[in-house]
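Single-structure report; data block below.
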Amino acid sequence: MTETLMTAIVLTLGGMMVAAGIAVLFVRDLLSAIIITGFVSLSASVMFLLMDAPDVAITEASIGAVLATMIFLWGRGKIGDDG
Amino acid sequence: MSTAFYWSIAGTAAGLILVGLWGVLTRKHVLRIALAFTVADTGANLLLVWSGYLPGRTAPVIDGSIPASEITSAVVDPLPQAMVLTSIVIGVAVAALFVVVGVLASRRTGSADVRRMKELRW
Amino acid sequence: MSVLSIAGHVLLVSGGFILFTSGLGILRMPDVWNRLHAGTKATTLGSILFLAGIGCLQPVWIPKLFLIVLFIILTNPVSGHALARAVHMRPEEKPDNLLEDDLAETGYEGGKEQ
Amino acid sequence: MIRTLAGLVIVLILGAVAAAVIPEMQMREELQGVGYSYASRGMDETGSSNLVTAVIVAYRGLDTLGEVVVLFCASTAVVLMLTLYPIGVKASEPSRIVAFTAKVLPAPIMLFGVYFIAHSHLSPGGGFPGGTVIASTFLLVMLGSSSVPDRNGRLPAIESLAGLSFGLLGFWGIMTAGQFLNNAFLGTGTPGSIISGGLIPLISIAIGAKVASEFSGVFKAFRNSGGEA
């Protein structure tokens, strides 16, 4: 039961992550791309937790979802969406 | 049963690396390249942690429930997790450097298009 | 199946339903303001219901869950408020049939020197 | 167009290589090699319940020192470039509600980060995530007020002090036990209590302070890069 559930969770999450990774490249608005990258990092943190790596999960959640997103938002505020 | 769980994580990691690499090779906007680089970074970290994962075991944090003689058959490999922990922090520092270099170069050329940055041409 | 367990499952399902509704609202609502309404109010209630359901199923975790609920109550409305103010600073997002605009009448627009 | 096609071809080739190589990585049944010895001896030798922290701080402490140096180089490069080539910035005044929340929330979040660092040898966490959590409170304070915290410029001092104490703790091991970053000379204590693990809590504090001050310095440089506060 739990094995099937875990497999289903990982398959769904992995499919969403790869789809989001492709969406980062093709979505038109740069702000959306930054938010989607944050989503990829957060899903990766869930996946680290499923792989019994709580330290890595905490680090990825605090860094990928907060610090990296803030850095990219700062860069977008300086450059803008063009190109 | 656990093999599907196991291999789907590897598939996700490899897919993220390939998608990120494709983005780095083909996109034009410098911040979009940095985002693709971050995605590839996440995939590489996933693959590293996956290489030390053993299904059916617990996290390498030992509480009283595990007797000391059975630790080696009860926990996953701690070494790749330690490496990835440092790799994540390095990754975000490199991403910050990437973004700052991109912003300054786009200030200099007046556009965020990476093809116009003659200083960064490969 | 004790009463507590049934209550926990009911709370989990209702929280999940409210979160699903919020996601649907973000997808289907016409403009930013309506989407903001779906994305902040409904997620607060949905998360709290979900955590309450977990607390009914695992009563040992109640102190930690209480801390999380407190954090959500503190942060989620504030983030919605900051988002709404940021949208209000963009005139092109203002709807046509707006009857009253209290924020503009106060003369205080964040970020613009008056 | 050519670039897109060439990128696609390269990615497809690499994907074929990955599809050929990754299934060869057979699922292991047992721990082997270094991982086995860390898992079997780690808790007795270092006194740390968290084996990941034991590997980072004790067994691979020298690597972590080098990694901290890499982090220092990256953050210094960011700060230096933003100081040399300033970029105009428009600071906006936050609303009253956001400002109030940004005054209330940093204290519990920082307590959370300090908990991470102090319990690095007992529970998941450690210097790196704790440091980033503390740096995010710095970011929160900065977003919630129009002024920049750390007016006196104490962040570089904290950073240098943390790096210096990391090195000095390593040399302390040379003085007493004849080995750089020796972990056991303070006594490992009983695993599971908060005063245990030899040098691990001290080095975790040093790593946490260094990571927190470096990321805070990066964000301060982002905010300050226009010159005015």
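The values are calculated or read from the model by the stated rules, or taken from the named source; none is laboratory data. Here the structure is a predicted model, which is why all the values come from computation and not from measurement. Cβ: placed from backbone, ideal geometry, glycine included. Neighbour counts: every protein chain shown.
Worth a mention:
- Per-region count, the stretch B:74-122, residues facing chain D (nearest Cβ under 7 Å) and farther than 24 Å from D:Phe219 by Cβ: 6
- Some residue of the stretch D:87-98 being closer than 22 Å to A:Ala61 by Cα, surrounded by fewer than 22 Cβ atoms within 10 Å (Cβ to Cβ) and within 12 Å of chain C (Cβ to nearest Cβ): no
- Residues in the stretch A:13-24 that are at the interface with chain B (Cβ under 7 Å from one of its Cβ atoms) and among the small types (Gly, Ala, Ser): A:Gly14, A:Gly21.
- The stretch A:42-65 - residue that is surrounded by 21 or more Cβ atoms within 10 Å (Cβ to Cβ) and under 26 Å from B:Leu104 (Cα atoms) and, of those, farthest from the other protein chains (Cβ to nearest Cβ): A:Gly64
- For the residues D:Ala162, D:Ala157, D:Ala118, D:Ala135, the requirement of being within 12 Å of chain A (Cβ to nearest Cβ) and aliphatic (A, V, I, L, M) singles out D:Ala135.
- Taken over the stretch D:24-50, the criterion of being at the interface with another protein chain (Cβ under 8 Å from one of its Cβ atoms) and either touching a strand residue (DSSP E or B) at 6+ places or on another chain (Cβ under 9 Å) or loosely packed, with under 13 Cβ neighbours inside 10 Å (or both) is satisfied by D:Met25, D:Met27, D:Glu29, D:Glu30, D:Leu31, D:Ala39, D:Met43, D:Asp44, D:Ser49, D:Asn50.
- D:Ala77 meets all of the listed conditions (1) out of contact with any helix residue (DSSP H, G or I) (no Cβ under 6 Å at 6 or more places or on another chain); (2) more than 14 Å from chain C (Cβ to nearest Cβ) but one, namely (1).
- For the stretch B:1-16, taking the residues that are more than 7 Å from chain A (Cβ to nearest Cβ) and farther than 17 Å from A:Ile22 by Cβ, the one that is surrounded by the fewest Cβ atoms within 10 Å (Cβ to Cβ) is identified as B:Thr3.
- Matching option when the condition is more than 7 Å from every other protein chain (Cβ to nearest Cβ) and of a type in the set (A, V, I, L, M), among B:Val19, B:Val39, B:Val24: B:Val24
- Test: residue in the stretch A:25-39 that is within 14 Å of chain D (Cβ to nearest Cβ), hydroxyl-bearing (Ser, Thr, Tyr), in contact with a Ser or Thr (Cβ under 9 Å, 6 or more places away or on another chain) and under 19 Å from B:Ala14 (Cα atoms): no
- Test: B:Leu54 is in a helix (DSSP H, G or I) and either crowded, with 20+ Cβ neighbours inside 10 Å or in contact with an Asp or Glu (Cβ under 9 Å, 6 or more places away or on another chain) (or both): no
- Every residue from the stretch C:86-99 that is within 14 Å of C:Asn34 (Cα to Cα) and part of a helix (DSSP H, G or I): C:Val87, C:His88, C:Glu93
Residues are listed down the side, and each one gets a yes or a no for (1) over 16 Å from the mean Cα position of the chain (by Cα); (2) part of a helix (DSSP H, G or I); (3) over 30 Å from D:Pro108 (Cβ atoms):
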position: C:Ile6; (1), (2), (3): yes, yes, yes
position: C:Gly16; (1), (2), (3): no, yes, no
position: C:His37; (1), (2), (3): no, yes, no
position: C:Lys41; (1), (2), (3): no, yes, no
position: C:Gly55; (1), (2), (3): yes, yes, no
position: C:Ile62; (1), (2), (3): yes, yes, no
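- D:Thr64 vs. criteria part of a helix (DSSP H, G or I), in contact with a His (Cβ under 8 Å, 6 or more places away or on another chain), facing another protein chain (nearest Cβ under 9 Å) and crowded, with 18+ Cβ neighbours inside 10 Å: no
- Taken over the stretch D:201-223, residues that are touching a Ser or Thr at 6+ places or on another chain (Cβ under 7 Å) and among the hydroxyl-bearing types (Ser, Thr, Tyr) amount to 1.
- Members of the stretch C:53-63 that are loosely packed, with under 13 Cβ neighbours inside 10 Å and more than 15 Å from C:Leu12 (Cα to Cα): C:Val60, C:Pro63
Per-residue answers, yes or no, for (1) farther than 19 Å from D:Arg154 by Cβ; (2) in contact (Cβ under 8 Å) with a residue 60 or more places away in the chain; (3) outside any loop (DSSP other than H, G, I, E, B):
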{"residue": "D:Gly167", "(1), (2), (3)": "yes, yes, yes"}
{"residue": "D:Gly173", "(1), (2), (3)": "yes, no, yes"}
{"residue": "D:Leu181", "(1), (2), (3)": "yes, yes, no"}
{"residue": "D:Ser196", "(1), (2), (3)": "yes, yes, no"}
{"residue": "D:Ser204", "(1), (2), (3)": "yes, yes, yes"}
{"residue": "D:Gly208", "(1), (2), (3)": "no, yes, yes"}
{"residue": "D:Ala212", "(1), (2), (3)": "no, yes, yes"}
{"residue": "D:Arg223", "(1), (2), (3)": "no, yes, yes"}
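- Only a single item in (1) of a type in the set (Val, Ile, Thr); (2) farther than 29 Å from D:Ser95 by Cα; (3) at pLDDT 90 or above is not met by C:Val3, and it is number (3).
- Among the residues making up the stretch D:153-181, those that are among the polar types (S, T, N, Q) and either under 19 Å from the mean Cα position of the chain (by Cα) or within 30 Å of D:Asn224 (Cα to Cα) (or both) are D:Ser160, D:Ser165.
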